[in-house]
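The values are calculated or read from the model by the stated rules, or taken from the named source; none is laboratory data. Not measured: the values here are computed from a predicted model. Here the Cβ positions follow ideal geometry from the backbone for every residue, glycine too, while neighbour counts run over all protein chains shown. Quick note on the areas: whole protein, heavy atoms, side chains included, nothing else; ligands and nucleic acids left out. Shrake-Rupley method; radii C 1.70, N 1.55, O 1.52, S 1.80 Å.
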Amino acid sequence: MPQSPRAVLVLVLALLIALAGAPVSALSQTPDSNRILSEERSGSLAPDRVEIARNYLRDNPISPPDTTSPRATLESFVFIMNEVNTLWKSIRTSYGNSNRFFLTNEERTQQLLVRALLGKAAQTFDLSEIPVTSRENASIEIALQLQEILDRIPKPVFAEVPGARAGSFLNTGGKTDLPDLWTVPGTSISILRQETGELRGHYLFSRKSVARIPEDYAIVRALPLQADRGEDLFEHYIYTPGNLIAPIWYDIIQAGPEWLNRHFADQAYWQWLALFILLLLYAVAFGLYIRWRKWRAVSVDERKRILQSIVTPVLVVVAANFFRFLCEDQINITGTTLVAVATTTTAIIWSAAAWLVYQVLQLLYVGVVSTSSNAQEGLDASLLRTGIRVFSLAVALVVLGYGATQIGIPIYGVIAGLGVGGLAIALAAQPTIENLIGGIILYADRMVRVGEYCQFDELAGTVESIGIRSTRIRALDRTLITIANADLAKRKIINFSQRDQFHFRHQLPLRYETAPDVLKTVMASIRSYLAGRDKVLAETSRVRMIGYTDCAVSIEVYAYALAPSYGDFLEMQEEMLFDIRAIVEDGGSQFALPSSTVYLSRDTGIARKNANGREASADGPDTRAA
């Protein structure tokens, strides 16, 4: 059956509406639909749509705004800001007409609702360019500035904005019948489809638009309001103290000199003055604390020293958070100054947090080592200390890296930069890396341990600590010697503490008058004595006569003894020497002393001997003559 032209026209219109995502039932024009259409063209919402939006956007605190289309995003923002304006003015009027210092419970509830609605309005923006640490307060400023811009320009007609109404959620599947970009008429503010991230396919005010909103507001702020707002809410927000509601002490500032309420760089003069006084007080407090730390006695207990070190980062974290609270919630610093304050305090907080984590892990290490009953044998304290230090440093760097992301520093870019600059750093820090490798060699080869007595070429002493870069040795004269690990690993190391057996070797000088039978008896008694001691290795002991010296018969006592330490061996050796002396004396011999025999005679001299010889030769001829 042929169709009439009117029927064909209705069919074509139905197909077009279906492609646009609108219900076909919209073709049937009822009085209600005509009313909604007329209100949409005027830039306002129909009463039933207002009720739906109120139930969804205002009364449900955790519901996100509808950003499935440019129209839904714009309508969600406009409605949320209308509710913010109504509630905010209601709280200010109620509190301003009273003489109370604090808000009532109902006013606090409404205040929290206003903050929640402002946060929900901020979800229509792409805030990825703003650091996380200042994103919340900066988003409130941007939302208020955008509201003031929309109040000073011709109102957009919602029916002409692409997409379905707010609350419809008809484009969550990422339909392609909507444009990728829509610009508010008469402005450079655009709503852009998101291509990546969790909100892929949703429409948000673009990053470039968010960056331009403060500049656009500065231009249009002098224009008259086209919407019936009564005042500039953004100016009221940035130039008054408190958390949305000015405290009662603000009346004192308003009653003060007129110049206090003048403006400079988006702050009132009184705000600059309060910030300067706050910085001065913090500087004085910091200086006094440093002075007190300098003159305070340092504890000899390592645990107490670490506990004292933990106090400083804790105080820094508390002080920085309190400073930020005063700036944001009391003085109400805004704009670029707020970003600078938030970024600086966040960097200080996370740096102190990394410092605190490092000190806490060091305290845990000291607690584990001090409570270990056999830390030296069952636990290599120096190796554990170095391992804990490296682990603590790694954890602190992770905390510091996370803090860097909060102030807008891309941590992955930093890591990539470290990879590129690592070679240059390695070349510049070659001696340090060499010492680090030397320390690893000391650990791997088990050359020395803390507490061991060693000799390093011409140096000797007890190892006190083995660090990442150097080793400390306590010499016999109690001086502290520090040697680089790379240098120490190249030296000849004699470790006396790692001896498994101690050498007992002495020579006994007995008198020459000792008879051979007595010597044999003494040596047999000493052999029996060594064999009877548990700590002396019988297979290594021997007692032999090894020769004659200038003044004694030499007998050698040779053995290896077992002892846990060199001090215990000295005690054992002392006892054995006393016992051997008793054996020698009981056997009928004695120790020889160095001695020599001296023979004495009178020396008459050479001259007298010659005279006697001449007399004897002279008497000889006379006798023969007689």
Next on the checklist: Among the residues in segment 216-228, are any touching a residue at least 60 places away in the same chain (Cβ under 8 Å), surrounded by 10 or more Cβ atoms within 10 Å (Cβ to Cβ) and either in contact with a Cys (Cβ under 9 Å, 6 or more places away or on another chain) or farther than 27 Å from Thr86 by Cα (or both)?
Outcome noted: no
Item to check | segment 428-455, residues that are modelled with pLDDT under 75 and basic (Lys, Arg) | outcome: Arg446
Item to check | Hits in segment 458-491 - residues which are over 35 Å from the mean Cα position of the chain (by Cα) and within 20 Å of Tyr566 (Cβ to Cβ) | outcome: Leu459, Ala460, Gly461, Ala475, Leu476, Asp477, Arg478
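Under the condition of being among the polar types (S, T, N, Q) and surrounded by fewer than 20 Cβ atoms within 10 Å (Cβ to Cβ), which residue from segment 35-81 is modelled with the highest pLDDT? So that I can check it myself, show each step before the final result.
Initial filter on segment 35-81 (among the polar types (S, T, N, Q)): 38, 42, 44, 55, 60, 63, 67-69, 73, 76.
If we keep only those that are surrounded by fewer than 20 Cβ atoms within 10 Å (Cβ to Cβ) as well, we get 38, 42, 44, 55, 60, 63.
Numbers: Ser38: 43, Ser42: 46, Ser44: 50, Asn55: 58, Asn60: 68, Ser63: 78.
So, considering only residues that are among the polar types (S, T, N, Q) and surrounded by fewer than 20 Cβ atoms within 10 Å (Cβ to Cβ), the one modelled with the highest pLDDT is Ser63.
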Checklist entry - Out of all the residues in segment 137-145, is one or more out of contact with any helix residue (DSSP H, G or I) (no Cβ under 6 Å at 6 or more places or on another chain) and part of a loop (DSSP other than H, G, I, E, B)? => result no
Checklist entry - Which residues, taken from segment 245-263, are in contact with a helix residue (DSSP H, G or I) (Cβ under 7 Å, 6 or more places away or on another chain), surrounded by 15 or more Cβ atoms within 10 Å (Cβ to Cβ) and not in a helix (DSSP H, G or I)? => result Ile245
Checklist entry - Just a yes or no: is a residue in segment 172-187 open to solvent by less than 20 Å² (accessible area, probe 1.4 Å), closer than 28 Å to Trp88 by Cα and in contact with a Phe, Trp or Tyr (Cβ under 7 Å, 6 or more places away or on another chain)? => result no
Checklist entry - Of all the residues that make up segment 326-345, how many are closer than 17 Å to Thr240 by Cα, surrounded by 20 or more Cβ atoms within 10 Å (Cβ to Cβ) and in contact with an Asp or Glu (Cβ under 8 Å, 6 or more places away or on another chain)? => result 2
Checklist entry - Can you tell me which residues in segment 78-106 are within 41 Å of the chain's Cα centre (by Cα) and more than 18 Å from Thr124 (Cβ to Cβ)? => result Phe102, Leu103, Asn105
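Quick one: is Val314 in contact (Cβ under 8 Å) with a residue 12 or more places away in the chain and assigned to a helix (DSSP H, G or I)?
Values: in contact (Cβ under 8 Å) with a residue 12 or more places away in the chain: yes; assigned to a helix (DSSP H, G or I): yes.
Yes; evaluated as a whole, the condition is true for this residue.
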Next on the checklist: For segment 506-527, check the following and say yes or no: at least one residue is surrounded by fewer than 16 Cβ atoms within 10 Å (Cβ to Cβ) and under 58 Å from the mean Cα position of the chain (by Cα).
Outcome noted: no
Checklist entry - Failed condition for Val210, given (1) open to solvent by less than 50 Å² (accessible area, probe 1.4 Å); (2) assigned to a helix (DSSP H, G or I); (3) over 22 Å from Thr124 (Cα atoms); (4) not charged (D, E, K, R), with all others met? => result (3)
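Looking only at segment 264-280, which residues are in a helix (DSSP H, G or I) and open to solvent by 60 Å² or more (accessible area, probe 1.4 Å)?
Narrowing segment 264-280 to residues in a helix (DSSP H, G or I): 269-280.
Of everything in segment 264-280, those that are in a helix (DSSP H, G or I) and open to solvent by 60 Å² or more (accessible area, probe 1.4 Å) turn out to be Tyr269, Trp272, Leu273, Phe276, Ile277, Leu279, Leu280.
Restricting attention to segment 99-118, and to residues there that are among the polar types (S, T, N, Q) and loosely packed, with under 13 Cβ neighbours inside 10 Å, which single residue is nearest to Pro64 (Cα to Cα)? Full working, then the answer.
Restricting attention to segment 99-118, the residues satisfying the condition of being among the polar types (S, T, N, Q) are 99, 104-105, 109-111.
With loosely packed, with under 13 Cβ neighbours inside 10 Å added as a condition, the list becomes 99, 105, 109.
Details: Asn99: 37, Asn105: 26, Thr109: 20 Å.
Ranking the candidates gives Thr109 first.
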Checklist outcome for this item: Per the filter on segment 119-134, residues within 34 Å of the chain's Cα centre (by Cα), part of a helix (DSSP H, G or I) and surrounded by 15 or more Cβ atoms within 10 Å (Cβ to Cβ) are Gly119, Lys120, Ala122, Thr133, Ser134
Checklist outcome for this item: For Tyr566, the lone unmet condition from (1) under 60 Å from the mean Cα position of the chain (by Cα); (2) at pLDDT 90 or above is (2)
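Okay, residues lined up against (1) open to solvent by less than 60 Å² (accessible area, probe 1.4 Å); (2) in a helix (DSSP H, G or I); (3) at pLDDT 90 or above:
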residue	(1), (2), (3)
Phe323	yes, yes, yes
Ala347	yes, yes, yes
Ala353	yes, yes, yes
Val357	yes, yes, yes
Tyr365	yes, yes, no
Phe391	no, yes, no
Leu400	no, yes, no
Checklist entry - In this structure, is Asp586 open to solvent by 50 Å² or more (accessible area, probe 1.4 Å), acidic (Asp, Glu) and at pLDDT 90 or above? => result yes
Item to check | Residue ID - surrounded by the most Cβ atoms within 10 Å (Cβ to Cβ), chosen from residues in segment 442-478 that are part of a loop (DSSP other than H, G, I, E, B), touching a residue at least 12 places away in the same chain (Cβ under 8 Å) and not hydrophobic (A, V, I, L, M, F, W, C) | outcome: Arg449
